[in-house]
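In what follows, a structure is listed as structure tokens, so that the remarks can point back to it.
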Amino acid sequence: MKKPFYKKWWFIVIAVIVVLGIIGNMNKDTSTATGEDSKVGVVTDTSEKKATEKAAEVAKEDVEEVVKEEVKEEAKEEPKEESVPREFTAALKKAESYAQVMHMSKAGIYDQLTSEYGENFPVEAAQYAIENIVFDWNENALKKAQSYAQSMHMSKAGIYDQLISEFGEKFTKEEAQYAIDNIVHDWKDNALQKARSYANSMNMSNAAIYDQLISEYGEQFTPEEAQYAVDNL
């Protein structure tokens, strides 16, 4: 918080200079009056003059002390920015690009930054990027889910597994669940598209297609979705 102007050192200095000027003028007026009054027997009070000079000296010392303290406080209020290595800032910009354009997860971005087949940044630079990037990872997980649903005709369960897989997208379970809870898609149509693919490219029977569609090692559609697909081949 900034101090009010009347507490700033420069204001105090100006105020004291003005006071000292007034005191000096009073001393001149006093000596003039003394010269005139001596003619009529008035004696100047030297003790008051000394007290005034002493007060001015103390005020000057106080101002010097206030200035020193003010300089210290201003130095604390304006800390020097730490220098960040070039590779660190470059890694952060790369991380932001992967997050914005490819909707990747934090863990996925870190692996891409450090991979010798990827960006090949030092571990320290990649860690700096991950610690300083600000992004909506839930939204990225949702966009990835939508992409899998639309382009690969995957099931809800299949998409969830792909989102959290260490060989897949590497989102957290919470981020993946957010995506599954918020995605809107026609899963029966996805099952039908998968069924047609198996029928046309692999010449599978309806029963085999159904089993493949509901298998936990296969497409992981619900029985209702799989039955709809087989019925509409």
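The values are calculated or read from the model by the stated rules, or taken from the named source; none is laboratory data. Small disclaimer: the values here were computed from a predicted structure and weren't measured. Ideal geometry is used to build each Cβ from the backbone, glycine not excepted, and the neighbour counts take in all protein chains shown.
Looking at Ala191, is it surrounded by 13 or more Cβ atoms within 10 Å (Cβ to Cβ) and touching a helix residue (DSSP H, G or I) at 6+ places or on another chain (Cβ under 6 Å)?
yes
Could you count how many residues in segment 81-130 are surrounded by 12 or more Cβ atoms within 10 Å (Cβ to Cβ), acidic (Asp, Glu) and within 17 Å of the chain's Cα centre (by Cα)?
1
List every residue pair whose Cβ atoms sit under 7 Å apart, with the two residues 6 or more apart in sequence or on different chains, where the first one lies in segment 180-196 and is over 11 Å from Phe221 (Cα atoms) and outside the structural domain of Ile164 (by TED's automatic domain parsing) and the second, anywhere, is at pLDDT below 95 and of a type in the set (Phe, Trp, Tyr).
So the pair list comes out empty.
Scan segment 162-199 residue by residue and report those that are under 13 Å from Glu139 (Cβ atoms) and among the polar types (S, T, N, Q).
Across segment 162-199, the qualifying residue is only Asn182.
(1) over 21 Å from Leu213 (Cβ atoms); (2) over 20 Å from the mean Cα position of the chain (by Cα); (3) in a helix (DSSP H, G or I): which one isn't true of Glu139, the others all being true?
The single condition Glu139 does not satisfy is (2).
Can Val101 be described as aliphatic (A, V, I, L, M) and free of Cβ contacts under 8 Å to residues at least 12 places away in the same chain?
yes
Go through the residues of segment 112-120 one by one and say whether even a single one is closer than 30 Å to Pro85 by Cα, in a helix (DSSP H, G or I), among the hydrophobic types (A, V, I, L, M, F, W, C) and modelled with pLDDT of 95 or more.
yes
Conditions: (1) at positive phi; (2) surrounded by fewer than 17 Cβ atoms within 10 Å (Cβ to Cβ). Thr172 meets all but one. Number of the miss?
With (1) at positive phi; (2) surrounded by fewer than 17 Cβ atoms within 10 Å (Cβ to Cβ) applied to Thr172, the lone miss is (1).
For Lys144, only one of the following conditions fails: (1) closer than 15 Å to His103 by Cα; (2) surrounded by fewer than 15 Cβ atoms within 10 Å (Cβ to Cβ); (3) of a type in the set (Lys, Arg). What is its number?
Evaluating Lys144 over (1) closer than 15 Å to His103 by Cα; (2) surrounded by fewer than 15 Cβ atoms within 10 Å (Cβ to Cβ); (3) of a type in the set (Lys, Arg) leaves (2) as the failure.
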